[in-house]
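Remarks on the structure that follows.
The values are calculated or read from the model by the stated rules, or taken from the named source; none is laboratory data. Because the structure is a prediction, the values reported are computed rather than measured. Cβ placement follows ideal geometry from the backbone for every residue including glycine, while neighbour counts extend to all protein chains displayed. Quick note on the areas: whole protein, heavy atoms, side chains included, nothing else; ligands and nucleic acids left out. Shrake-Rupley method; radii C 1.70, N 1.55, O 1.52, S 1.80 Å.
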Amino acid sequence: MNTGKIVGINGNMATVEFSGNISQNEVGYIVLDEKRLKAEVIRVTGNSAALQVFEMTNGIGVGDVVEFTGEQLSVDLGPGLLSQVYDGLQNPLADLAEKCGFFLQRGIYMNAIPDKKWEFTPKVKKGDIVQPAYTLGVVPEGIFQHRIMVPFGFAQEDFTVKMILPKGLYSAYDEIAVLTDPRGVDHSVTMIFTWPIKKPIRNYEERLKPVEPMTTKVRIVDTFLPVALGGTFCIPGPFGAGKTVLQQITSKNADVDIVIIAACGERAGEVVDTLIEFPELTDPRTGKSLMERTIIICNTSSMPVAAREASVYTAVTMAEYYRQMGLNVLLLADSTSRWAQAMREMSGRLEEIPGDEAFPAYLESTIASFYERAGLVRLYDGSTGSVTIGGTVSPAGGNFEEPVTQATLKVVGAFHGLSRERSDARKYPAINPLESWTKYKGIIEKGKTDLARHILFRGEEVNQMMKVVGEEGTSLDDYIIFQKSEFLDSVYLQQDSFDLIDGSVSIERQKYIFNVMYEILKAKFSLSTKQEARSFFNQLRQTFIDWNSFSWESDSFKQTEESLMNKVKAKLRIEK
Amino acid sequence: MQKVYTKIESISGNVITVNAEGVKNGDLAMVSSREGISLANIIKLKGKVVSLQVFAGGRGISTGDEVRFLDRPMKISFSENLLGRIFDGSGNPRDLGPVLDENLIEIGGPSVNPAKRIVPKNMIRTGIPMIDIFNTLVESQKLPIFSVSGEPYNELLARIAMQAEVDLIILGGMGLKFDDYLYFKEELESSGAMNRAIFFVHTASDPTVECLLVPDISLAVAEQFALQGKKVLVLLTDMTNFADSLKEIAITMDQVPSNRGYPGDLYSSLASRYEKAVDFEGAGSVTILAVTTMPGDDVTHPVPDNTGYITEGQYYLRNGRIEPFGSLSRLKQQVNKSTRDDHRSLMDGMIKLYASYKESLEKKSMGFQMSDWDDKLLNFGEKFELEMMELSVNIPLEKALDLGWQILSECFAPEETGLKTDLVMKYWPELNKEDK
Ligand SMILES: Nc1ncnc2c1ncn2[C@@H]1O[C@H](COP(=O)(O)OP(=O)(O)O)[C@@H](O)[C@H]1O
Ligand SMILES: [Mg+2]
């Protein structure tokens, strides 16, 4: 084994002198009494290497031994990942808790994949020719057919199936197949293989353009700012504006097969909400608990910073793995700024030349290559799968001009910018409808949403004008446009996430009520004073809010709709 | 192995370097100078060069002074004997009591496994409507008061502490004015709460580095008591002084600053302290109420900004009142679903109207004609500020909610409030009278 010796410690960076060969991103363990602390090589110069240590570094001294593994920082891929809660290095937190109690202890690493038996059905037979990522068999994991594939790390060449187990119950760690390479060398395969997290999985035929909407049951998103399956989006916003709540709702409601939540450097308590709530919630698509389609990667703010840097890669690697099974996976990362800060801390310790706000010069390219791992792909067997990535951004001072937000905006397909003014006024979700944008197509005809956006835009203009010339200096027509935009905002854009009914609105319902909204926005009303206009729209608003609170197609829903339509009709101006 | 060195290689600010071997990162040393004896801890190793931050500061240290390595990290004594006692930032008595050295515990220990956390569920009642209705405080929450200097933040802190039903209060003072220290002491003594309180106080005139230890010591002790089943409230005032001490050390160590001189790991340093707030299943809890003064009343200043991203909300104190905008309790939805059925809607509804009031106020100040609607809002806003926002108001939550409906009904017609009809039917005062 290749070893080295510690020559320096600065925060979570260790400097190590070594002989022999080591590689970038190789894992090394610092030996400390009976513990071994995991670290990753992040720079090599001559016979000295800088390692980021995934644990607290107190107690380490100069001269301590480092054992290099020859392996890149990797995760285990196989059946049993779903419904697990991992730390940034894929240690299962529940198992750690069982072993260590309330507190995390350093230097304890556990198997990511439980030693569980699975009902295996082979899909190939002896003598078949396979390549990396070809399906050898399947096991049922929750509601999915989990594909047991030829390890992605195998060379890109033909392997002959020498042995494959018949249908039966086997442990994930059992040998299920033996494959012979063109040189006649045998390779043993289990249900599990490893993959280096910083390397994208590219075992597919081609990448396709994301088109189909990934719905979230949040009106402002689905109707106005949609995201596509295989696309990317970001949610920047100052603290308290509602980034995390928005991601939590999305993780519940998103119309995808699998959700991976990367709680990256933020509050532990927020993960607990999900942990406790999800097993109780049923996924309307499957009738099973939501947890069965979820993986949580949890490296919260007080956990080691270097592992935080790794955690988003751990998460996206698992997302790519499930995409290989023809599934739609959504990865939600909260917050990508904490990941960027972890990079910044390390860059500072490496004494690299700092860029803007001391972030490293490679910040932009690193963010870009992370989001590049999203995508809709056609697999070798013709099926498609997707990874959609949504990241929150926590800009310093709430100012979107800072490096992380700017670098992210350059690469994502949709921008859901949260505004302090809107969250202060409790206008949730506090997405600024005028500043935000998307490149994807939504569930509603663009012509119609364009009209609604136009009214919002004009309404804002009138509102600004009124601040200069007062209400008295505003024409009645303008004032009505302003009222319409306020109405649209308060009953459609705003949505009470904690309300049982209003909290998640089906696509069917969104289309239905949007049409009603559209008719109101288009309509000309006979209103003779501003006072009358204000009170008319107040009444519409009241009725619409009540309407939103009744379950879809219930009697109350229908009655309220009628009452709303009557109110509208009463003031409708009939054009001659 | 050599433990005592008498040659200090460099002295810069509060950081000294010594050429030594066989020492461990984070361990303690004792530095004896003509200023007295001070503890120091190892913050960096580079070959033989060992960097130490000296708790009592670098002032007066000479290159020939003695550095003795203790071979252990910083620890603090933990027992019931701490109750009623007052210590400085290094854990030495500030009162006349004895030095405590039994049962030493580690400070700055590992964080709680997120899988072991539970969802907080107990509201802490304060009698302050701006807290109880709008920004409910919850057991195990971490929450700072954002304030400009000169505001009565320490009074607010003390008032909440006295009113809260907790087993133990730990005060961590950082750069505390001596008068404020005495104020806390008198408040707790006069209410008889001192025997269930512990103080770790670093005052403005003490060495800066000692300030850095205060949160770790306070929270380590709090955590131990919580594990023994106690509900502990930790008061940390003022965390901006703590952050400034971090900045000072970072600059001395030639770290590249990220924002206005603060180190890039400010977020992580603050988070590792605040995240000590916890509710232990089957045992006690740690709740953290802190003070973060905002230099120049600027929330975007790195200290309040990073803090806001870490804590579970904040109380924004301004002109002696808790501002509805900027204030937030992120845990409120864990508890306000089971207080009263109108709580949530009233909370959001009143704030929305208050936001509109602010707009009308702006229009008015620009000399525009006020519409009926503006007049209604102005009337509402004034009542709201006077009857709800004043810190002198001290009523239970239920009374405060009733008061909310009362104010609304005095100012608006029901459909102007944007509140759901079923709630209006149930709580609107006049409609209720007609019923009866
Ligand atoms: N969609 C929403 N509906 C209702 N309340 C919300 C919503 N979004 C945010 N909030 C309120 O704002 C608080 C802060 O939201 P959070 O998502 O934690 O902010 P951030 O992650 O941006 O700091 C929440 O605790 C909640 O009280
Ligand atoms: Mg958040």
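Once the C-beta distance of A:Ser48 and B:Arg196 is scaled by a Förster radius of 56 Å, the resulting FRET efficiency is 0.55 to the nearest 0.05. Charge dipole of the protein assembly as shown (Cα centre as origin; +1 on each Lys and Arg Cβ, -1 on each Asp and Glu Cβ, all else neutral): 1840 debye, rounded to the nearest 20. Computed from the C-alpha gyration tensor, the three semi-axes of the ellipsoid equivalent to segment B:343-431 are 23, 16, 10 Å, from longest to shortest.
So what is the diffusion coefficient of chain B in µm² per second by Stokes-Einstein at 20 °C and 1.002 mPa s, using a Kirkwood Rh over Cα pairs?
After rounding, the answer is 90 µm²/s.
Simple spin-label estimate for B:Met425 and A:Asn2 gives 7.5 nm between the two label positions (7 Å along the Cα-to-Cβ direction from each Cα). Which of the listed residues, B:Leu391, A:Met343, A:Ser74, is farthest toward the dipole's positive end in the protein assembly as shown, when Lys, Arg count +1 and Asp, Glu count -1 at the beta-carbon? Checking the options against the dipole of the protein assembly as shown, the answer is A:Ser74.
Let me make sure I get this right: for segment B:76-331, a, b and c are the square roots of the gyration tensor eigenvalues over alpha carbons, sorted descending. Under 1.5 in a/c it's rounded, otherwise prolate if a/b > b/c, else oblate. Which is it?
It comes out rounded by the Cα gyration axes.
Taking every protein chain into account, the accessible area of the protein assembly as shown amounts to 37 square angstrom per residue (probe 1.4 Å). For q = 0.05 Å⁻¹, what log10 I(q)/I(0) does the protein assembly as shown give under the Debye formula with an equal point scatterer on each alpha carbon and no solvent? Results for the protein assembly as shown at q = 0.05 Å⁻¹ read -0.34. I'd like the GluC sites (Glu not before Pro) in segment B:86-195 restricted to DSSP loop residues with at most 10 other Cβ atoms within 10 Å, sorted by number. Of the GluC sites (Glu not before Pro), the ones in loops of segment B:86-195 whose Cβ has at most 10 other Cβ atoms within 10 Å are B:Glu102, B:Glu165.
Could you state, as a whole-number percent, how many of the C-alpha pairs of segment B:3-72 are farther apart than 22 Å? Taking all Cα-Cα pairs of segment B:3-72, the fraction more than 22 Å apart is 6 percent.
Shown are A:Lys448, A:Lys126, whose ranking by accessible area with a 1.4 Å probe and every protein chain present, most to least, is A:Lys126, A:Lys448. Under 25 Å between C-alpha atoms is the cut-off here; go through segment B:343-431 and count lysine pairs that meet it, provided they're at least eight residues apart or on different chains. Close lysine pairs under the 25 Å cut-off: 22.
Using 0.36 nm per residue, how much length does the chain from B:Glu362 to B:Ser205 gain when fully extended, once their Cα-Cα distance is taken away?
So the chain would gain 52.1 nm between B:Glu362 and B:Ser205.
Over the protein assembly as shown, what is the percentage of antiparallel beta bridges among all DSSP beta bridges, to the nearest 5? Around 70 percent antiparallel, to the nearest 5.
For segment A:446-571, carbon and sulfur atoms together expose 52% of the accessible surface, with a 1.4 angstrom probe and every protein chain in place. Rounded to the nearest Hz, the phi-derived 3J(HN,Hα) couplings of segment A:153-165 under the Karplus curve 6.51 cos²θ - 1.76 cosθ + 1.60 (θ = phi - 60°) are x, 5, 4, 7, 8, 7, 10, 9, 6, 8, 8, 9, 5, where x marks glycine and proline. Would you work out the Kirkwood radius for segment A:269-377? I mean one over the mean of 1/r across all pairs of different Cα atoms, in Å. One decimal place: 15.9 Å for the Kirkwood radius. Annotation: amide H-H contacts under 5 Å for A:Arg43 (H modelled 1.01 Å from N, sequence separation of 5 or more, or interchain): A:Ala50. Scanning residues 5 or more positions from A:Tyr86 or on other chains, those with amide H under 5 Å from its amide H are A:Leu93, A:Ile296, A:Ile297, A:Cys298, with H placed 1.01 Å from N in the peptide plane.
In a simple Cβ point-charge model (Lys, Arg +1; Asp, Glu -1; nothing else charged), segment A:446-571 has a dipole of about 420 debye relative to its Cα centre.
Cross-link partners of A:Lys410 among lysines, defined as those whose alpha carbon lies under 26 angstrom from its own and excluding same-chain residues fewer than eight positions apart: A:Lys198, A:Lys199, A:Lys209, A:Lys243, A:Lys439, A:Lys441, A:Lys446.
Can you give the percent of C-alpha pairs in segment A:188-282 whose distance is more than 18 Å? Tail of P(r) above 18 Å: 61 percent of Cα pairs.
In Å², nearest 100, what accessible area do chains B and A bury in total when the solvent probe is 1.4 Å?
In total, chains B and A hide about 6400 Å² from solvent.
The calculated FRET efficiency for A:Lys522 paired with A:Arg285, based on their beta-carbon distance and R0 = 41 Å, is about 0.75. The phi-based Karplus calculation (6.51 cos²θ - 1.76 cosθ + 1.60; θ = phi - 60°) puts the 3J(HN,Hα) values of segment B:118-130 at 10, 6, x, 9, 9, 6, 9, 7, 10, x, 9, x, 5 Hz, whole numbers, x for Gly and Pro.
Residue-wise HN-Hα couplings along segment A:166-172, as the Karplus relation 6.51 cos²θ - 1.76 cosθ + 1.60 with θ = phi - 60° gives them from phi, are x, 3, x, 9, 9, 6, 4 Hz; Gly and Pro carry x. The P(r) of segment A:410-504 has a tail past 23 Å containing 34 percent of all C-alpha pairs. In the complete set of protein chains, residue-level accessible area for B:Glu382 is approximately 100 Å², probe 1.4 angstrom. Binning every alpha carbon pair distance of chain A at 20 Å from zero, what are the percents per bin? Each 20 Å bin holds this share of Cα pairs: 19, 46, 26, 8, 0.
Taking the Cα centre of segment B:348-422 as origin and charging only Cβ (+1 Lys, Arg; -1 Asp, Glu), how large is the dipole, in debye to the nearest 20? Provide the component values of the computation, followed by the final result.
Numbers: 8 positive and 16 negative charges, 33 e Å.
Here segment B:348-422 has a charge dipole of around 160 debye.
Taking every alpha carbon pair in segment A:15-103, what does the distance histogram look like in 10 angstrom bins from 0, in percent? P(r) for segment A:15-103, in whole percents per bin: 14, 41, 31, 12, 1. Which residue, B:Gln406, B:Ile351, B:Pro429, has the largest displacement toward the positive end of the dipole of segment B:323-436 when charges sit on each Cβ (Lys, Arg +1; Asp, Glu -1)? Toward the positive end, the furthest listed residue is B:Ile351. For the set A:Lys427/B:Lys230; B:Lys142/B:Lys337; A:Lys448/B:Lys337; A:Lys467/B:Lys247; A:Lys116/B:Lys121; A:Lys38/A:Lys217, the pairs lying more than 32 angstrom apart at their alpha carbons are A:Lys427/B:Lys230; A:Lys448/B:Lys337; A:Lys467/B:Lys247; A:Lys116/B:Lys121; A:Lys38/A:Lys217.
State whether segment A:452-576 is rounded, prolate or oblate according to the following rule on the C-alpha gyration tensor (a ≥ b ≥ c being the square roots of its eigenvalues): a/c under 1.5 gives rounded; otherwise a/b larger than b/c gives prolate, and the remaining case gives oblate. Prolate shape, in that a/c is at least 1.5 and a/b is the bigger ratio.
Seen from every direction in turn and averaged, the convex hull around the alpha carbons of segment B:240-358 projects onto 10.0 nm². Take every Cα pair under 8 Å whose residues are at least 6 apart in sequence, average their separation, divide by the length of segment A:430-576, and the relative contact order is 23 percent.
Placing pseudo-labels 7 Å out from each Cα toward the beta carbon at A:Lys441 and A:Glu34 gives an inter-label distance of 6.4 nm. Going 7 Å from the Cα of A:Tyr109 toward and past its Cβ, which residues in segment A:19-35 have a backbone nitrogen under 20 Å from where you end up? Residues A:19, A:21-35 fall inside that zone. The label-point distance for B:Lys48 and A:Arg458, in a model that sets each label 7 Å from Cα toward Cβ, rounds to 8.1 nm.
Each part reduced to its alpha carbon centroid, segment B:326-396 and segment A:187-219 end up 48 Å apart.
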